[in-house]
1. Check whether at least one residue in the range 94-104 is assigned by TED's automatic domain parsing to the domain that holds SER4 and assigned to a helix (DSSP H, G or I), and report yes or no.
2. Give the range 26-40 a look and list any residue that's outside any loop (DSSP other than H, G, I, E, B), out of contact with any Pro (no Cβ under 8 Å at 6 or more places or on another chain) and closer than 29 Å to HIS94 by Cα, or say none.
3. Restricting attention to the range 49-93, and to residues there that are under 11 Å from the mean Cα position of the chain (by Cα) and assigned to a loop (DSSP other than H, G, I, E, B), which single residue is surrounded by the most Cβ atoms within 10 Å (Cβ to Cβ)?
4. In the range 1-20, how many are surrounded by 14 or more Cβ atoms within 10 Å (Cβ to Cβ) and closer than 24 Å to ASP66 by Cβ?
5. Check the range 49-71 and report whether any residue there is of a type in the set (Gly, Ala, Ser), on the phi > 0 side of the Ramachandran plot and free of Cβ contacts under 8 Å to residues at least 24 places away in the same chain.
6. State whether one or more residues within the range 41-48 are touching a residue at least 12 places away in the same chain (Cβ under 8 Å), surrounded by 11 or more Cβ atoms within 10 Å (Cβ to Cβ) and assigned to a loop (DSSP other than H, G, I, E, B).
Amino acid sequence: MSESPTEFSIGDLAREFDLTTRTIRYYEDKLLLKPERRGKQRIYSKADRTRLKLILRGKRLGWNLDEIFEVIQLYNSPDGEKRQLELMVKKIGHSRTTLLDQQEDIKMALQELDEIEERCSVQLQQLITHANTQEV
């Protein structure tokens with residue numbers, strides 16, 4: 001059984017997570033990732049890889065980069081893992097509420113579209129029927 005790598009290039013991470021290298025460099029500029037440098041080459045650690053996974057998960061949940069940064073920074077603080085988990089639970093609850101609200105908005109919008117479509121179809125059919133009776 002082969003060991004998992006402990007170092008990654010920017011290209012490795014870009015391929016694994018289907019990102020552009022520009023996106024990864026952007027996260028680095030925002031201090032979310034801190035690779036080592038060997039000359040001009042960036043060397044990412046397993047911790048960087050884990051942080052990248054957390055960044056992408058946070059983005060999927062609708063969190064902005066400042067919120068993601070806050071979660072990541074807590075990990076290295078005193079009592080950090082506990083505080084990080086507490087913050088994540090709070091943010092997850094907020095994200096869930098937001099998504100449920102959006103889901104309800106979408107449901108109502110779809111219902112309204114169905115009603116408008118039905119009225120338009122009925123009206124169109126009436127126009128077609130009326131036009132056909134005029135031709136006869």
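1. Just the residues of the range 94-104 that are assigned by TED's automatic domain parsing to the domain that holds SER4, to begin with: none.
Looking through the range 94-104, none of the residues is assigned by TED's automatic domain parsing to the domain that holds SER4 and assigned to a helix (DSSP H, G or I).
2. Just the residues of the range 26-40 that are outside any loop (DSSP other than H, G, I, E, B), to begin with: 26-29, 36-38.
Going one step further and asking which of them are out of contact with any Pro (no Cβ under 8 Å at 6 or more places or on another chain), we end up with 26-27, 29, 36-38.
TYR26, TYR27, ASP29, listed by residue number.
3. TRP63
4. Number of matching residues: 5.
5. In the first step, residues of the range 49-71 are kept if they are of a type in the set (Gly, Ala, Ser); the result is 58, 62.
Still in the list and also on the phi > 0 side of the Ramachandran plot: 62.
Imposing the further condition that a residue be free of Cβ contacts under 8 Å to residues at least 24 places away in the same chain reduces the set to none.
No, the conditions are met nowhere in the range 49-71.
6. Within the range 41-48, the first condition is being touching a residue at least 12 places away in the same chain (Cβ under 8 Å), and the residues that meet it are 41-46, 48.
Adding the requirement that they be surrounded by 11 or more Cβ atoms within 10 Å (Cβ to Cβ) leaves 42-46, 48.
From the residues that got through so far, the ones that are assigned to a loop (DSSP other than H, G, I, E, B) too are none.
No.
The values are calculated or read from the model by the stated rules, or taken from the named source; none is laboratory data. Source: prediction; values computed, not measured. Using ideal geometry, Cβ is built from the backbone for each residue, glycine included, and neighbour counts are taken over all protein chains shown.
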